[in-house]
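Remarks on the structure that follows.
The values are calculated or read from the model by the stated rules, or taken from the named source; none is laboratory data. These numbers come from a predicted model, not from an experiment. Positions of Cβ are generated from backbone atoms using ideal geometry, with glycine treated the same way; all protein chains shown enter the neighbour counts.
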Amino acid sequence: MSRFIHFLRRQIDADLELHSQARQDEETGNATHRCLIGPLRGFRECELKTRLLTQHHHCGTGQGPCDVLGTSYPPEDERGCPTLALLGLPYTDRPGYAHRWRP
Ligand SMILES: [Zn+2]
């Protein structure tokens, strides 16, 4: 698993944890603020990102759908393909994100 793929999985897992905590806070009446995007929307967005990550997991290795289409990045580029690079965009301010991963 490339470092970038591993980074993306950790960020989605971190988001899921935050949404779980927010839902629990809402259910127990301990929510300190209301977010326009509620936990359920957050869970759906995490599912979308997970599905895209799964579908493009092998891009850049010669085995992914973007390799077949000829749109993947070369193996030395950790991003794999433009879809994976875009998946990292919400996480550019998180620790561990490398500037060269920007789409
Ligand atoms: Zn791809």
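Restricting the stretch 15-58 to residues that are in contact (Cβ under 8 Å) with a residue 40 or more places away in the chain and not in a loop (DSSP other than H, G, I, E, B) leaves a set whose member that is nearest to D93 (Cα to Cα) is K49.
Would you pick out the residues in the stretch 80-102 that are within 12 Å of the ligand (Cβ to nearest atom) and touching a residue at least 60 places away in the same chain (Cβ under 8 Å)? Within the stretch 80-102, G80, L84, L87 qualify. For the stretch 59-74, a tally of residues being surrounded by fewer than 18 Cβ atoms within 10 Å (Cβ to Cβ) and part of a loop (DSSP other than H, G, I, E, B) returns 7.
Does D77 satisfy the criteria of being without any contact (Cβ under 8 Å) to a residue 40 or more places away in the chain, part of a loop (DSSP other than H, G, I, E, B), of a type in the set (D, E, K, R) and within 16 Å of the ligand (Cβ to nearest atom)? Quick ask: steps written out before the conclusion?
Numbers: without any contact (Cβ under 8 Å) to a residue 40 or more places away in the chain: yes; part of a loop (DSSP other than H, G, I, E, B): yes; of a type in the set (D, E, K, R): yes; within 16 Å of the ligand (Cβ to nearest atom): yes.
So D77 fits the description; yes.
Quick one: is R51 within 19 Å of A14 (Cβ to Cβ), loosely packed, with under 12 Cβ neighbours inside 10 Å and among the charged types (D, E, K, R)? So R51 passes the test.
Could you pull out the residue among T61, T71 that is among the polar types (S, T, N, Q), within 16 Å of the ligand (Cβ to nearest atom) and within 16 Å of S2 (Cβ to Cβ)? So that I can check it myself, show each step before the final result.
Working: T71 fails: within 16 Å of S2 (Cβ to Cβ).
Residue meeting the stated conditions: T61.
Taking the condition modelled with pLDDT of 95 or more, over 14 Å from Q11 (Cβ atoms) and surrounded by 13 or more Cβ atoms within 10 Å (Cβ to Cβ), does P39 pass? Considered against the rule, which asks whether it is modelled with pLDDT of 95 or more, over 14 Å from Q11 (Cβ atoms) and surrounded by 13 or more Cβ atoms within 10 Å (Cβ to Cβ), P39 comes out as no.
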